[in-house]
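**Q** Below is a structure I'd like to ask you about.
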């Protein structure tokens, strides 16, 4: 076996320029795959974090059935106390209680149907980016203040400004008529038309009093320090709620099902492009090994005449390909890891990405991180493709006739 290995290594360097060119193609493709896959996974992570941080959070505690029905009577009792218990259990301050209902918002000139959220002023900025998007006025600080924060499109539709009054009319938890007059404390601009047009926030205490919630709420929004830590935080939350059948915990995939589907669709398109790159590298290896076999036709004919079987010669060709692909794999992984590590320090941003992210109160640069999956999956697939490409040159030796091969020029 050692002799076969030495022979295969020697054969690779009969044409050093061709060997280096093929190895360079493998290294380049592996480096590119590692960088692109790492960047893609990091972009997905940033996209998920940005989408969830806008309003949803990584998980929510709700009453059973509320996610589908959105009925006001499906509330979490004593929502403030439960939110405090979850803060103590998780050690996180990014836990905010909410209550929500639908109401008509009326100004002097117009009326619109909106969704009103009662939020905790102290904790809402830690579970949502909306408080940081205030364009005019301020975010409220008093839980009982009759104040409201609305989006720019809703303010334009109602023709109101900061300091103007809005009348809210809706239905309370018990089905009774709920009404109140609130002052516009702030106007936010999220650049998401649905939020800016249809969403309004009031202090949780005022909401509970106006809509007769009796201390209840509909959501406890929890944001983990990191997306990867979300499952661990969810386990802690579920353990703290063990034995309670009046609440359930929903993860971000259940809260935003379209997000995961969008990622899967984008990933399918990306893997098609990666597959084309792998095929090009495989054809490069096929060309190199086929040329090597054709150049040694006479040599193979002589060795077969001396008793060496085509199977052993084929295994020699496959071993040469394995050495070639192994060099490309190791060097590509080294270069790819170095490149991703550097990008993880300085960050990466597409043109215009930082300006767009600033409008949403979100980070504008992505910092890719190397992982075992992103480091290995691309180079391993390239290596497998290279090995498959060597099968044809190896199988040609089974059709080789020693006499005709020795007559080859």
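**Q** In nm, give the distance between the simple-model label positions of residue 198 and residue 242, each being 7 Å from the Cα along the Cα-to-Cβ direction.
**A** 3.9
**Q** How would you classify region 125-177 from its alpha-carbon gyration tensor, with a ≥ b ≥ c the square roots of the eigenvalues: rounded for a/c under 1.5, else prolate if a/b is greater than b/c, otherwise oblate?
**A** Oblate.
**Q** Taking volume of the Cα convex hull per residue in Å³ straight from the coordinates, which label in [x] 184; [y] 124; [z] 148 is the correct one?
**A** Answer label, from the structure shown: [x].
**Q** By how many degrees, between 0 and 90 and to the nearest 10, does the Cα long axis of helix 79-90 differ from the longest principal axis of the chain?
**A** Tilt of helix 79-90: around 30 degrees.
**Q** Can you tell me the orientation of helix 2-12 relative to the chain, as the angle in degrees between its alpha-carbon axis and the longest Cα principal axis, to the nearest 10?
**A** Approximately 80 degrees, to the nearest ten.
**Q** Next question, about the same structure. Obtain the nm distance between the two label points defined at residue 10 and residue 28 by a simple spin-label model: each point lies 7 Å from its Cα along the Cα-to-C-beta direction.
**A** Roughly 3.2 nm, to one decimal.
**Q** How would you order 328-334, 124-130 from highest to lowest mean count of nearby Cβ atoms within 10 Å? Could you put the intermediate results ahead of the total?
**A** Working: 328-334: 19.9, 124-130: 22.0.
Per-residue Cβ counts within 10 Å, averaged per peptide and sorted highest first, yield 124-130, 328-334.
**Q** Grab the Cα-Cα distance for residue 174 and residue 142, subtract it from 0.36 nm times how many residues apart they are, and report the gain in nm with one decimal.
**A** 9.0 nm
**Q** What whole number of Å gives the distance from the Cα centroid of region 187-207 to the Cα centroid of region 217-263?
**A** 23
**Q** What angle, in degrees between 0 and 90 and rounded to the nearest 10, separates the Cα long axis of helix 230-240 from the longest principal axis of the Cα atoms of the chain?
**A** Helix 230-240 and the main axis of the chain meet at about 50 degrees.
**Q** A further question follows. Cα centroids of region 27-75 and region 119-153: how far apart, whole angstrom?
**A** Value for the Cα centre distance between the two parts: 23 Å.
**Q** Pop the C-beta distance of residue 78 and residue 384 into the FRET formula with R0 = 45 Å and round what comes out to the nearest 0.05.
**A** Values: r = 58 Å, r/R0 = 1.28.
Once rounded, the FRET efficiency stands at 0.20.
**Q** Moving to a separate point now. Applying 1/(1 + (r/R0)^6) with R0 = 25 Å to the Cβ-Cβ distance of residue 21 and residue 400, what FRET efficiency is obtained, to the nearest 0.05?
**A** Computed FRET efficiency for residue 21 and residue 400 comes out at 0.40.
**Q** Something else: Taking the Cα-to-Cβ direction at residue 212 and at residue 264 and moving 7 Å from each Cα, how far apart do the two end points lie in nm?
**A** Spacing of the two 7 Å Cα→Cβ label points: 4.4 nm.
**Q** On to the next question. Per-residue ellipticity at 222 nm for the chain, helices alone: DSSP H runs ≥ 4 residues times -39500 (n - 2.57), over residue total, nearest 500 deg cm²/dmol?
**A** About -17500 deg cm²/dmol.
**Q** What percent antiparallel are the DSSP beta bridges of region 59-223, to the nearest 5?
**A** Close to 75 percent.
**Q** If packing is taken as the average number of other Cβ atoms within 10 Å across a peptide's residues, how do 202-214, 268-280, 10-22 rank, most packed first?
**A** So the order, starting with the most tightly packed, is 202-214, 10-22, 268-280.
**Q** Given a cut-off of under 8 Å on Cα pairs at least six residues apart, what relative contact order in percent is computed for the chain? Please list the in-between numbers first.
**A** Details: 714 pairs, mean separation 103.6, N = 409.
Value for the chain: 25 percent.
**Q** Beta carbons within 10 angstrom, averaged per residue: use that to sort the peptides 84-92, 385-393, highest first.
**A** Details: 84-92: 15.4, 385-393: 19.6.
For the peptides 84-92, 385-393, the packing ranking is 385-393, 84-92.
Every read-out reported here was derived from the displayed coordinates using simple, explicitly stated rules and does not represent laboratory data. Treat the numbers as computed from the prediction; the structure is a model and nothing was measured. Because the Cβ atoms are built from the backbone with ideal geometry, glycine has one as well, and the counts that use them run over all protein chains shown.
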